[in-house]
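A short worksheet on the structure shown next.
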Amino acid sequence: MTVSFADEQDDPLPAGPLVALAESVLAAERLPADAEVSLLLVSTERIAALNEEHMGRPGPTDVLSFPLEDLHPGQVPAMEEGGPPLLLGDVMVCPSVVRANALEWGVPFEDEMALMVVHGMLHLLGYDHQEDSEAERMETREREILATAGRERP
């Protein structure tokens, strides 16, 4: 599994734990070894522009996912042996929004950041939270994956 990481914001964070967490989501969901994803940390301005452009919502948000495949939760996509890698898409997280949310909710920044990485990754894999049953399924999966990483879902 390949997780490409880029930190494009002003307060750099260590890549290792975030990449390992993204990889743990791929492994937990049984994605093939040649699955690829990009994890980007972006500024408030960048996430606000993306949020408006792609979601039609003004202002910044904590995480956005841009899937390249139409996947369904818990289903491993069929891969052609010797074929191209499975490109899953991009997860963009805005640490400054995550930090503000963590302060507002009284939770550790590291736990909230971990949740946003897992949440964004699960969106790439077809999870959603539009309906109550979908939200419950996604939150349960977030808790399970975060627990294996020694984190709690705030």
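The values are calculated or read from the model by the stated rules, or taken from the named source; none is laboratory data. The shown structure was predicted, so the numbers you read here are calculated from the model rather than taken from an experiment. Positions of Cβ are backbone-derived with ideal geometry, glycine not excepted, and every protein chain shown enters the neighbour counts.
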Residue pairs qualifying under the 7 Å Cβ cut-off, at least six apart or on distinct chains, with the first in region 111-126 being in contact (Cβ under 8 Å) with a residue 60 or more places away in the chain and the second being surrounded by fewer than 24 Cβ atoms within 10 Å (Cβ to Cβ) and of a type in the set (D, E, K, R), are A114/R151; V118/E142; L122/R141; L122/E142; L125/E29
Can H54 be described as in a helix (DSSP H, G or I) and modelled with pLDDT under 95? yes
Look through region 74-92, keep the residues that are at pLDDT 90 or above and either part of a loop (DSSP other than H, G, I, E, B) or surrounded by fewer than 20 Cβ atoms within 10 Å (Cβ to Cβ) (or both), and return whichever of them is farthest from the chain's Cα centre (by Cα). L87
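Residues checked against (1) out of contact with any strand residue (DSSP E or B) (no Cβ under 6 Å at 6 or more places or on another chain); (2) closer than 26 Å to T140 by Cα:
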residue	(1), (2)
Q9	no, no
A20	yes, yes
E23	no, yes
A28	yes, yes
E36	no, yes
L40	no, yes
S43	yes, no
R57	yes, no
L64	no, yes
Residue list for region 93-134, filter: among the hydroxyl-bearing types (S, T, Y), assigned to a helix (DSSP H, G or I) and surrounded by 15 or more Cβ atoms within 10 Å (Cβ to Cβ): S96
Taking the options R30, R46, name whichever one is more than 15 Å from V117 (Cβ to Cβ) and either surrounded by 13 or more Cβ atoms within 10 Å (Cβ to Cβ) or touching a Gly at 6+ places or on another chain (Cβ under 8 Å) (or both). R46
In region 57-73, how many residues are at pLDDT 90 or above and either crowded, with 16+ Cβ neighbours inside 10 Å or assigned to a strand (DSSP E or B) (or both)? 8
Subset of region 5-24 (residues that are outside any helix (DSSP H, G or I) and touching a Leu at 6+ places or on another chain (Cβ under 7 Å)): F5, A6, D7, E8, Q9, L13
Looking at this structure, is A22 buried (at least 17 other Cβ atoms within 10 Å of the Cβ) and either among the small types (G, A, S) or touching an Asp or Glu at 6+ places or on another chain (Cβ under 9 Å) (or both)? yes
Within region 140-153, how many residues turn out to be surrounded by 16 or more Cβ atoms within 10 Å (Cβ to Cβ) and part of a helix (DSSP H, G or I)? 4
